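Enquirer: Sending over a structure as structure tokens; questions will come in a sec.
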Amino acid sequence: MAAHSKRLFYGWYMVGAGSAMQFLQAGLMTQSFGAYVAVLQAERGWSKTALAGAAALNQVEAAILGPVLGWIIDRFGPQGMIRAGIVVFGLGLMLLSRTDTLPGFYAAFLVVAMGSSLCGFFPINVALINWFERWRARALSSMSIGLALGGISVPLVAWSLSTHGWRATAFASGVIAIVVGLPLAMVMKRRPEDHGLTVDGLPPQSHEVPASGNAETGRDFTAREAVHTPAFWLLSLGHGFALLVVHAVSVHSITHMTQGLGYSLEQASFVYTLLTLSQLGGVALGWWIGDRYEKRFIAAGCMLMHMTGLLLLTYAVAVPMVLAFALLHGGAWGLRGPFMQAIRADYFGRSAIGMILGLSLAIIVIGQIGGPMVAGIFADLTGSYRIGFTILALLAGLGSLFFILARKPRRPAA
């Protein structure tokens, strides 16, 4: 028993590997996509709406596949899917480097999106949910460090785009994704019970009474039972309204700063780096408080931070306003993001969590698609992001009510 207690729980190795994979995806595409948008819009003359459509296509694909991927994960585990996804993601980036037309760009980005769905935030979260319960928020927050750190590489990607061009940058990114990502994917395993371990690495009796001290009665929800609870819909809508801002900022903020505020691409990328550092601060705060306080109220407060930050960026007339946007939006993103899956696992259990998260993707896609598209359409129509960003910010503020109302449902009788 002493030797066992001194050994680091294998789940934390998975947290490290998942964090590194999130860093790869965020740095190579997710958070650097805005830099690609700025370069391609200037070089190829494609409209902001058309480029935002690629991001929307990514989310539509994820929403359609979500329930299927959730069923596969619940039935067979996420490990094989994650490994295949790394390869598809890398090949998609290589294909992106060879495109010359807008339809070709969409096709290549669809391959990137497929790979990202197979090895991204969703399957990695499900893998970790199955390994952690008492320290679930802490584990998911730790994994999100990689997503936050990915933003730090945006200035490097922007420099490569300016120096070597978007084709060379995309091809090199694909090679890096496969060479570095595959060994990391091999670390991911299905369930601790399959390897003679227990959830959290603690003795089985430690899970009879949760950390709060209140015994949990009943069994885990099935996916069918979960979708019949108000909490499922309220959490999904709150998550979707948050992503209105998150995805709009990821796709359009750099273009807004370069074309609307007069910043250079490098300067705008460094603002995004500050946003990333703030995101890391939010992740660290979530690591500390996530398993101690009511997550839905924390998430509601983060929605107000998203709203305020985007309004500051929209109407910025001085550098401090842009810096305040980066601090507020990044901090809210880092704090709230990991809680989205942790709350669902706390509410519904882990038996069918893959399917439950997959079904929720069909709802949160509203924000993933709507944010970039609303911002892009209004920017093309008016020549400014002001109207689009203002609408999205106010919707995020409204979304805080969904989290406040999302009470934990009573577990079904065993």
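Enquirer: Just to check your reading of the model, which residue among GLY301, GLY331 is of a type in the set (Gly, Ala, Ser) and under 17 Å from the mean Cα position of the chain (by Cα)?
Expert: On the way: GLY301 fails: under 17 Å from the mean Cα position of the chain (by Cα).
Only one candidate passes the filter, namely GLY331.
Enquirer: Now for a different question. Quick one: in the range 26-50, of everything that is under 20 Å from GLY115 (Cα atoms) and in a loop (DSSP other than H, G, I, E, B), which residue is modelled with the lowest pLDDT?
Expert: That would be GLN31.
Enquirer: Okay, next question. Could you count how many residues in the range 300-325 are under 25 Å from THR273 (Cβ atoms), at pLDDT 95 or above and among the small types (Gly, Ala, Ser)?
Expert: Of the residues in the range 300-325, 3 are under 25 Å from THR273 (Cβ atoms), at pLDDT 95 or above and among the small types (Gly, Ala, Ser).
Enquirer: Just for helices (runs of 4 or more DSSP H) wholly inside the range 287-400: which have at least 3 residues that are over 19 Å from VAL245 (Cβ atoms)? Step through it out loud before you land on a result.
Expert: Working: elements: 295-314, 319-348, 353-382.
In the range 287-400, the matching helices (runs of 4 or more DSSP H) lie at 319-348, 353-382.
Enquirer: Something else: Looking at the range 252-275, can you tell me whether even one residue there is small (Gly, Ala, Ser), modelled with pLDDT of 85 or more, within 12 Å of ARG336 (Cα to Cα) and assigned to a helix (DSSP H, G or I)?
Expert: Scanning the range 252-275, I find no residue that is small (Gly, Ala, Ser), modelled with pLDDT of 85 or more, within 12 Å of ARG336 (Cα to Cα) and assigned to a helix (DSSP H, G or I), so the answer is no.
Enquirer: Within the range 115-149, how many residues turn out to be in a helix (DSSP H, G or I) and not aliphatic (A, V, I, L, M)?
Expert: Initially, the range 115-149 is screened for residues in a helix (DSSP H, G or I), giving 115-119, 121-129, 136-149.
Subsequent filtering for residues that are not aliphatic (A, V, I, L, M) retains 115-117, 119, 121-123, 125, 136, 138, 141-142, 144, 146.
Adding up the residues that qualify gives 14.
Enquirer: From the list LEU280, LEU265, LEU275, LEU304, which one is more than 30 Å from TRP135 (Cα to Cα) and touching a residue at least 60 places away in the same chain (Cβ under 8 Å)?
Expert: Details: LEU280 fails: more than 30 Å from TRP135 (Cα to Cα); LEU275 fails: more than 30 Å from TRP135 (Cα to Cα); LEU304 fails: more than 30 Å from TRP135 (Cα to Cα).
On inspection, the qualifying residue turns out to be LEU265.
Enquirer: What are the residues in the range 279-324 that are under 24 Å from ILE391 (Cβ atoms) and surrounded by fewer than 20 Cβ atoms within 10 Å (Cβ to Cβ), if any?
Expert: GLY301, LEU304, THR308, TYR315, ALA316, VAL317, ALA318, MET321, LEU323, ALA324
Enquirer: What residue, of SER117, SER160, is buried (at least 24 other Cβ atoms within 10 Å of the Cβ) and either at pLDDT below 90 or of a type in the set (Gly, Ala, Ser) (or both)? Explain how you work it out, then say what you get.
Expert: Values: SER160 fails: buried (at least 24 other Cβ atoms within 10 Å of the Cβ).
Selected residue: SER117, the only one of SER117, SER160 that is buried (at least 24 other Cβ atoms within 10 Å of the Cβ) and either at pLDDT below 90 or of a type in the set (Gly, Ala, Ser) (or both).
Enquirer: Search the range 163-194 for residues being among the β-branched types (Val, Ile, Thr) and under 26 Å from ILE82 (Cα atoms), and hand back the single one that is surrounded by the most Cβ atoms within 10 Å (Cβ to Cβ).
Expert: Initial filter on the range 163-194 (among the β-branched types (Val, Ile, Thr)): 163, 169, 175-176, 178-180, 187.
Restricting the remaining residues to those that are under 26 Å from ILE82 (Cα atoms) gives 169, 175-176, 178-180, 187.
Numbers: THR169: 26, VAL175: 12, ILE176: 15, ILE178: 18, VAL179: 11, VAL180: 16, VAL187: 18.
Step by step, filter the range 163-194, then rank; the result is THR169.
Enquirer: Select from the range 189-211 the residues that are in a loop (DSSP other than H, G, I, E, B) and in contact with a Gly (Cβ under 9 Å, 6 or more places away or on another chain) and write down the one among them that is modelled with the highest pLDDT. Steps first, answer last, please.
Expert: Step one: filter the range 189-211 for residues in a loop (DSSP other than H, G, I, E, B), giving 189-191, 196-198, 202-203, 208-211.
Of the ones still in play, those that are also in contact with a Gly (Cβ under 9 Å, 6 or more places away or on another chain) are 189-191, 197.
Values: LYS189: 91, ARG190: 87, ARG191: 87, LEU197: 88.
Selected residue: LYS189.
Enquirer: Filter the range 362-414 down to residues that are polar (S, T, N, Q), under 24 Å from the mean Cα position of the chain (by Cα) and at pLDDT 90 or above and give me whichever is surrounded by the most Cβ atoms within 10 Å (Cβ to Cβ). Show your work before the answer.
Expert: Going through the range 362-414, the residues polar (S, T, N, Q) turn out to be 368, 382, 384, 390, 400.
From the residues that got through so far, the ones that are under 24 Å from the mean Cα position of the chain (by Cα) too are 368, 390, 400.
Then drop every residue that is not at pLDDT 90 or above, which leaves 390, 400.
On the way: THR390: 15, SER400: 23.
The qualifying residue surrounded by the most Cβ atoms within 10 Å (Cβ to Cβ) is SER400.
Enquirer: Could you pull out the residue among PHE23, PHE89, PHE9, PHE76 that is out of contact with any strand residue (DSSP E or B) (no Cβ under 9 Å at 6 or more places or on another chain), among the aromatic types (Phe, Trp, Tyr) and at pLDDT below 90? Explain how you work it out, then say what you get.
Expert: Working: PHE23 fails: at pLDDT below 90; PHE89 fails: at pLDDT below 90; PHE9 fails: at pLDDT below 90.
Just a single option satisfies the conditions, and that option is PHE76.
Enquirer: Within the range 135-157, can you find the residues that are of a type in the set (Ser, Thr, Tyr) and either modelled with pLDDT of 85 or more or farther than 21 Å from ALA172 by Cα (or both)?
Expert: Taking the range 135-157 first, the residues of a type in the set (Ser, Thr, Tyr) are 141-142, 144, 153.
Hits for the range 135-157 are SER141, SER142, SER144.
Enquirer: From the list ILE152, ILE82, exactly one residue is within 28 Å of HIS195 (Cβ to Cβ), under 16 Å from the mean Cα position of the chain (by Cα) and either of a type in the set (Lys, Arg) or not in a loop (DSSP other than H, G, I, E, B) (or both). Which is it?
Expert: Details: ILE152 fails: within 28 Å of HIS195 (Cβ to Cβ).
The conditions single out ILE82.
The values are calculated or read from the model by the stated rules, or taken from the named source; none is laboratory data. These numbers were taken from a predicted model, which means no experiment stands behind them. Every residue, glycine among them, receives a Cβ derived from its backbone with ideal geometry; neighbour counts consider all protein chains shown.
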